[in-house]
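J.: Quick one: this structure, given as structure tokens, is what I'll be asking you about.
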Amino acid sequence: MSSPRRKLELLRRLARMPGVEDLSLTTNALLLPRFAAELRAAGLARVNVSLDTLRPERYREICRGGSLEEVFAGIRAAEAAGLDPVKINMVVIPGLNDDEVEEMARLTIGQPRHVRFIEFMPVGNASLQRERRYIPSAELRARIKARFGLEETPVAPAGLPGAVRGAGCSRPTHCSPTPTAPCPPPTGRCACG
């Protein structure tokens with residue numbers, strides 16, 4: 001089932017299933033300009049967009065090609081189609097894109113978007129763990145708060161800690177639970193926001 005049309009039909013069938021209350025999609029956003037309205041009509045409620053950089057040359061390097069403008073065209077198409085919320089997920093990796101955290105957080109100012117910073121998890125690689133090839137979520141939150149004067153909210157959506165919001169931000173910025181800041185029970189949802 002690889003064609004977009006077949007996936008749309010699968011989505012329609014899933015949306016009609018008893019007990020299904022919410023459908024979301026994680027995407028690179030490249031096909032959203034073409035399919036966002038159809039996805040919404042088929043029952044999709046929201047999207048998560050994987051975006052690890054705001055720099056065109058870095059984007060091409062990470063993704064082995066592609067256009068950052070196409071990603072933002074997809075984000076705008078999702079918003080225009082009524083997919084809400086649009087969540088942008090950034091995996092923060094020291095030495096690769098950690099210099100863009102504040103720029104990424106700025107995407108929530110004046111826009112109906114969430115941005116989630118996902119701590120790079122060197123699962124199964126002890127050398128990366130020893131070398132601290134990750135930035136703890138608490139450090140990311142502190143950087144964002146220092147730059148924008150944001151206040152930490154007591155609880156993020158779905159009961160998760162780590163959201164910050166400031167003046168002009170219509171949606172919060174999250175640092176997703178990770179090994180250094182695990183999910184609190186009972187949610188068990190480590191990639192929500």
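J.: Any residue in the range 28-42 that's in contact (Cβ under 8 Å) with a residue 12 or more places away in the chain: show its pairings with residues that are of a type in the set (Lys, Arg) and open to solvent by 30 Å² or more (accessible area, probe 1.4 Å) at Cβ separation under 6 Å, as long as the two are six or more apart or on different chains.
T.: Note: pairs meeting the criteria are Ala42/Arg12.
J.: I've got another one for you. Any chance the range 85-96 includes a residue that's open to solvent by less than 60 Å² (accessible area, probe 1.4 Å) and either over 29 Å from Arg143 (Cβ atoms) or assigned to a helix (DSSP H, G or I) (or both)?
T.: The answer is no, given that none of the residues of the range 85-96 is open to solvent by less than 60 Å² (accessible area, probe 1.4 Å) and either over 29 Å from Arg143 (Cβ atoms) or assigned to a helix (DSSP H, G or I) (or both).
J.: Any idea which residue in the range 25-37 is nearest to the chain's Cα centre (by Cα), counting only those that are open to solvent by 60 Å² or more (accessible area, probe 1.4 Å) and of a type outside the set (A, V, I, L, M)?
T.: My answer is Thr26.
J.: Of the residues in the range 44-72, how many are in contact with a helix residue (DSSP H, G or I) (Cβ under 7 Å, 6 or more places away or on another chain), open to solvent by less than 30 Å² (accessible area, probe 1.4 Å) and outside any loop (DSSP other than H, G, I, E, B)?
T.: Going through the range 44-72 one residue at a time, the tally reaches 4.
J.: Given the conditions (1) of a type outside the set (Gly, Ala, Ser); (2) open to solvent by 60 Å² or more (accessible area, probe 1.4 Å); (3) at pLDDT 95 or above; (4) under 30 Å from Asp22 (Cβ atoms), and given that Val123 satisfies all but one, which numbered condition is not satisfied?
T.: Evaluating Val123 over (1) of a type outside the set (Gly, Ala, Ser); (2) open to solvent by 60 Å² or more (accessible area, probe 1.4 Å); (3) at pLDDT 95 or above; (4) under 30 Å from Asp22 (Cβ atoms) leaves (3) as the failure.
J.: Does Ala41 fit the bill of being of a type outside the set (Asp, Glu), open to solvent by less than 20 Å² (accessible area, probe 1.4 Å) and part of a helix (DSSP H, G or I)? Step through it out loud before you land on a result.
T.: Values: of a type outside the set (Asp, Glu): yes; open to solvent by less than 20 Å² (accessible area, probe 1.4 Å): no; part of a helix (DSSP H, G or I): yes.
So Ala41 fails the test.
J.: Search the range 98-120 for residues being more than 30 Å from Gly82 (Cβ to Cβ) and modelled with pLDDT of 90 or more, and hand back the single one that is most open to solvent (accessible area, probe 1.4 Å). Reasoning before the result, please.
T.: Filtering the range 98-120 down to residues more than 30 Å from Gly82 (Cβ to Cβ) leaves 98-99, 119-120.
Imposing the further condition that a residue be modelled with pLDDT of 90 or more reduces the set to 98-99.
Numbers: Asp98: 42, Asp99: 76 Å².
Result: Asp99.
The values are calculated or read from the model by the stated rules, or taken from the named source; none is laboratory data. None of these values were measured; they are calculated from a predicted model. Ideal geometry is used to build each Cβ from the backbone, glycine not excepted, and the neighbour counts take in all protein chains shown. Just so you know, the surface numbers come from the protein's heavy atoms only, side chains and all, with ligands and any DNA or RNA stripped out. Shrake-Rupley method; radii C 1.70, N 1.55, O 1.52, S 1.80 Å.
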